[in-house]
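Written below as structure tokens is the structure these notes are about.
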Amino acid sequence: MAEHKTYEESIRDVYKGLVLLGVVTLVEVAISLFGKGHLGFDPSGMQWLLGLVSVALIALSLYKAYFIIYEFMHMRYEVKGLAMSVLLPTLLLVWALIAFFQEGNSWKERREDIQEREEIDPNAAPEQESLLEAEDVYRLKLS
């Protein structure tokens, strides 16, 4: 059975956790600024570096989520079944977010393709009007 901490030990652990989260957040901000070229280095030509920045940001964000769930939500001290009943739906939610973003991007690309195909060239000659009328137009004959 786990020992109970005193109030002072609990407060010290909370402050350690907050400092850890603050440091990880500052590292994430620095990596983001570096990846966007705001720290004097232009990474626009290096796709591998942008991929590395993305992986680092995802890893740090997952670490923060893990730390918050296990420390501040006390999942570390719960039975394994309860912890899994919280974590598995969370993973399904993350999967759903990825799927929805992928689907939205697919719709966006298809929409742009359709707009490109249907785009009218402003320099093209205008269409000539025809004397033929549509089938649903009726004229009254006065004779």
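Quick look at the numbers
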{"item": "Residue within segment 123-142 that is assigned to a helix (DSSP H, G or I) and either touching a strand residue (DSSP E or B) at 6+ places or on another chain (Cβ under 7 Å) or modelled with pLDDT of 70 or more (or both) present", "result": "no"}
{"item": "Search result, residues across segment 5-33 that are free of Cβ contacts under 8 Å to residues at least 24 places away in the same chain, assigned to a helix (DSSP H, G or I) and among the hydroxyl-bearing types (S, T, Y)", "result": "Y7, S10, Y15"}
{"item": "Boolean, L91 is in a helix (DSSP H, G or I) and either at pLDDT below 90 or closer than 27 Å to Y70 by Cβ (or both)", "result": "yes"}
{"item": "Complete set of residues in segment 10-58 that are among the charged types (D, E, K, R) and surrounded by 11 or more Cβ atoms within 10 Å (Cβ to Cβ)", "result": "R12, D13, K16, E28, K36"}
{"item": "Test result for G22, at pLDDT below 90 and not assigned by TED's automatic domain parsing to the domain that holds L87", "result": "no"}
{"item": "Yes/no for S44 being among the hydroxyl-bearing types (S, T, Y) and in a helix (DSSP H, G or I)", "result": "no"}
{"item": "L50 aliphatic (A, V, I, L, M) and outside any helix (DSSP H, G or I)", "result": "no"}
{"item": "Number of the condition not met by W95 [criteria: (1) over 21 Å from the mean Cα position of the chain (by Cα); (2) of a type in the set (A, V, I, L, M, F, W, C); (3) over 30 Å from E9 (Cα atoms)]", "result": "(1)"}
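The values are calculated or read from the model by the stated rules, or taken from the named source; none is laboratory data. Owing to the predicted nature of the structure, the values given are computational and were not obtained by experimental measurement. Quick reminder, even Gly has a Cβ in these numbers, built from the backbone with ideal geometry, and neighbours come from all protein chains shown.
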